[in-house]
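To start, the structure itself, in structure tokens.
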Amino acid sequence: MSQTAQMLTEASEEYIEAIYKMSLEGQVIAARLAERMKVSPPTVADMLKRLAEKGLVKSSRRDGVKLTKKGLETAEALVRRHRLWERFLTDVLGLNWDEVHEEACKLEHAMSPQVEVKLAQILGNPETCPHGYPIPGTRGAKKRAREARPLSSLSVGDEAVIDRVAEEDSQLLQYLATLGLLPEARVSVKEIAPFKGPMLVKVCGAQYALGQEVASKIMVKGK
């Protein structure tokens, strides 16, 4: 853990993680950050000011909110610990993939560098978390994080492999698990209803209708 990370509050760390994850999807705008953190815009503005004073973020109307080099290093360290804990909770303790995100959020803030190294070794230095997200610090993590695209962006007849699934919504994870929509599963688009209607997808030999909002939370690779 860096000295910067040690000085941050848990709330600050959560913001930095959120900015990091959102930046992989596109430009980070303060209003959307407020929605993600479920707080008011003034609360976000106050936190961004404090993070900027620590040299972790910078923001402008044109470029939105961005992590500085120090902020990116801090974010990657936090996300790495979080995803290692998720792997431990599923692979070693046997928790379901819909149970581990919240637990990992609690554990990541109190992890020392020594424990992080040992945890990674015990787990066999995994490259992804249970939801398919790349673990920072592993081979090709940055490239892989940017390569996937939403299932909702596919067209009729396209085929792809599920890369990762949004981890924050436990009910969504439970639902997708029952359908077999898991990382590494092959999925094909059979139909798409007009006017951004549901998508009919095939996975594991069965077909299911997915709303556009759900499909947008499933990231896929290839065609």
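Go through segment 175-223 and give me each residue that's assigned to a helix (DSSP H, G or I) and of a type in the set (D, E).
E213, the sole residue that qualifies.
Mind listing just one residue for me: the one in segment 149-174 that is in a strand (DSSP E or B) and not aliphatic (A, V, I, L, M) and, of those, nearest to C105 (Cα to Cα)?
R164
Could you please find all residues in segment 128-148 being surrounded by 17 or more Cβ atoms within 10 Å (Cβ to Cβ) and either outside any loop (DSSP other than H, G, I, E, B) or without any contact (Cβ under 8 Å) to a residue 60 or more places away in the chain (or both)?
T128, C129, P130, H131, Y133, P134, I135, A141, R144, A145
Of all residues in segment 33-42, which are in contact with a helix residue (DSSP H, G or I) (Cβ under 7 Å, 6 or more places away or on another chain) and either assigned to a helix (DSSP H, G or I) or buried (at least 17 other Cβ atoms within 10 Å of the Cβ) (or both)?
Selection gives L33, A34, R36, M37, P41.
Rundown of residues vs (1) within 30 Å of Y175 (Cα to Cα); (2) touching a helix residue (DSSP H, G or I) at 6+ places or on another chain (Cβ under 9 Å); (3) not acidic (D, E), yes/no style:
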{"position": "V57", "(1), (2), (3)": "no, yes, yes"}
{"position": "R80", "(1), (2), (3)": "yes, yes, yes"}
{"position": "G94", "(1), (2), (3)": "yes, no, yes"}
{"position": "H101", "(1), (2), (3)": "yes, yes, yes"}
{"position": "Q114", "(1), (2), (3)": "no, no, yes"}
{"position": "T128", "(1), (2), (3)": "yes, yes, yes"}
{"position": "I135", "(1), (2), (3)": "yes, yes, yes"}
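Inside segment 205-216, can you point out the residues that are within 18 Å of E184 (Cβ to Cβ) and loosely packed, with under 13 Cβ neighbours inside 10 Å?
G205, A206
No lab work stands behind these numbers, since they all come straight from the coordinates. Keep in mind the model is a prediction, meaning the values are calculated, not measured. Because the Cβ atoms are built from the backbone with ideal geometry, glycine has one as well, and the counts that use them run over all protein chains shown.
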